[in-house]
Amino acid sequence: MTAPTVRFTDERLANGLRVIVSEDHLAPVVAVNIWYNVGSKHEVPGKTGFAHLFEHVMFQGSGHVAKAEHMALVQAAGGTMNGTTWLDRTNYFETVPSHQLELALWLEADRMATLLDALNQENLDNQRDVVKNEKRSSYDNRPYGDWFQRLQGHLFPVEHPYHHPTIGSMADLDAASLEDVASFFRTYYAPNNAVLAIVGDVHPSQARTWVERYFGSIPANPAIPALADMSLPATLGAESREVVEDRVPLPRHFFGFRAPSMGDPRFDALEIASQILAGGKGSRLYRRLIRDEKIAQDVSFFALGLIGGASLLAGQATVRPGVDVAVVEQAFEEELERLGREPVTDDELLRARALIETYELESLQRVEERADRLAMYATLLDDPDMINRQLDRYLAVTAADIQAAVAEVLRPDNRVVLTYVPKSGEAGEAGDAGKPGEGDRTEGDEESAA
């Protein structure tokens, strides 16, 4: 199957808003996705969690929209919507019947322009409490819930913006004043710091007219602070280990590695390698740890693309009852080492390519996914046309590329090993703690406003 070419226009308003429009009249729906170039990496010590907090605050009303009315209006129009936060960005998105496009654009413009008109102490306090409840339910009181935060802490040094989790510090949020929060919004929620993607049953000239009408008068912020140098050594330099005794049902190993940034051809090779390692029942880790040796309950391995100096690779294996935890770790690490020592077979490479090709083609059939990817590539790589080249990049990866990238990255002196073990008397059936954001989007660990 040949990947369809996604045709689009790419232009900027006078205030700097980047507008990408892709016309597709196959179905009477349109996706609107706005990416702000602000994530947890833009936060400063003592003021963490602001990016994620705003993902919630953005649904609390604006100058002409009442509290929670944004969601109510979209749903009443037959649409869906949400927002997510990650280390590198924050985004908000709606999919609506095409005749409701103007409504979606007006709603996004109103909160970009006038959110602070509706922000008050009551809303701030309320959303702080919502975030605290989210942290308790998703991190503190969930088996293995803090694994990714711990992994970040090992992979990125304290002074690096990726060191702290997206959800931030509850102490920082408690200490944040209304003016602190408003200042963060005024700094980063500006049109010249955003990409607006519109994909689907849309007439581009009409869409541009509405975008100009609703967004064109919003002033730019010419003083958006530049990020400090985020470059890092290619590897950690030494293995890092931590044993966590917690209320978990079974022992579980988590593995992490520092990797090249998103957009680097080596990162493409590592994504293919991840499929060979853990892409379904034909993968190496599944066959060895689950099917053949029956020492693990589950396995996974995946790549999370970042652009701030390094990405990361992560994997996990839950130890079966009665099995020595060291046996599972050794088998897992041997499979990683073997992948860097021996070329993958032709069959393995074909299978991995097929899995990725199927996923890519299925994703590109959805207007909301195309809108998300156009905005993502524009925001992170300044290259929205990557949507038309990424699949070919994956399919061009060779066995030699995989072996070289794995040997460079999946090595002991670049490895973090977290081992969760049950507290006495708390062993049982394994819970779920997979890829961050699993079941949602593909960029990684995301907090959701809905």
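Readers should treat all values here as calculations from the given coordinates under stated rules, not as data from a laboratory. Source: prediction; values computed, not measured. Methodologically, a virtual Cβ is constructed for each residue, glycine included, from the backbone with ideal geometry; neighbour enumeration extends over all protein chains shown.
Given a cut-off of under 8 Å on Cα pairs at least six residues apart, what relative contact order in percent is computed for the chain? Let's see the in-between values first.
Working: 866 pairs, mean separation 103.5, N = 450.
That works out to 23 percent.
So how far, in whole Å, is the C-alpha centre of segment 161-193 from the one of segment 367-391?
26 Å
To the nearest 20 Debye, how big is the dipole of the chain about its Cα centre, given +1 on the beta carbon of each Lys and Arg and -1 on that of each Asp and Glu? Can you show the working numbers first?
Numbers: 43 positive and 69 negative charges, 47 e Å.
It comes to approximately 220 debye.
Taking the Cα centre as origin and putting +1 on Lys and Arg beta-carbons and -1 on Asp and Glu beta-carbons, what dipole magnitude results for segment 9-215, to the nearest 20 debye? Could you put the intermediate results ahead of the total?
On the way: 16 positive and 26 negative charges, 59 e Å.
I would put it at about 280 debye.
Is segment 1-114 best put as rounded, prolate or oblate by its Cα gyration tensor, with a ≥ b ≥ c the root eigenvalues, rounded for a/c under 1.5, and otherwise prolate when a/b is larger than b/c, oblate when not?
Taking the square roots of the gyration eigenvalues as a ≥ b ≥ c, segment 1-114 is oblate.
Relative to the longest principal Cα axis of the chain, at what angle does helix 265-278 sit, 0 to 90 degrees, rounded to 10?
60 degrees
Rg and Dmax of the chain, Cα atoms, in Å?
Taking only Cα atoms of the chain, I get Rg and Dmax of 22.4, 66 Å.
Please report, in whole Å³, the volume per residue of the convex hull around the C-alpha atoms of segment 305-374. Write out the running numbers ahead of the final one.
Numbers: hull volume 12.4 nm³, N = 70.
Each residue corresponds to 178 Å³ of Cα convex hull volume.
At 0.36 nm per residue, and after removing the present C-alpha to C-alpha distance, how many nm does the segment from ARG393 to LEU361 gain when stretched out fully? It would help to have the intermediate numbers written out before the result.
Numbers: separation 32, 0.36 × 32 = 11.52 nm, distance 1.39 nm.
Extra length from ARG393 to LEU361 when fully extended: 10.1 nm.
Round to the nearest 10 and give me the degree value, 0 to 90, for the angle of helix 325-341's Cα axis relative to the longest principal axis of the chain.
So the inclination is approximately 80 degrees.
How do ARG7, ARG351 rank when sorted from fewest to most other Cβ atoms within 10 Å of their own Cβ? Let's see the in-between values first.
On the way: ARG7 10, ARG351 18.
Fewest to most other Cβ atoms nearby, the residues stand as ARG7, ARG351.
What pairs in LYS67/LYS132; LYS135/LYS281; LYS47/LYS423; LYS294/LYS423 have C-alpha atoms more than 31 Å from each other?
On the way: LYS67/LYS132 20 Å; LYS135/LYS281 33 Å; LYS47/LYS423 34 Å; LYS294/LYS423 24 Å.
Over 31 Å apart, Cα to Cα: LYS135/LYS281; LYS47/LYS423.
Springs between alpha-carbon pairs under 10 angstrom, Gaussian network model over the chain: which of THR80, THR90, THR419 fluctuates most?
THR80
For segment 5-71 and segment 348-365, what is the centre-to-centre distance using only Cα atoms, to the nearest Å?
29 Å
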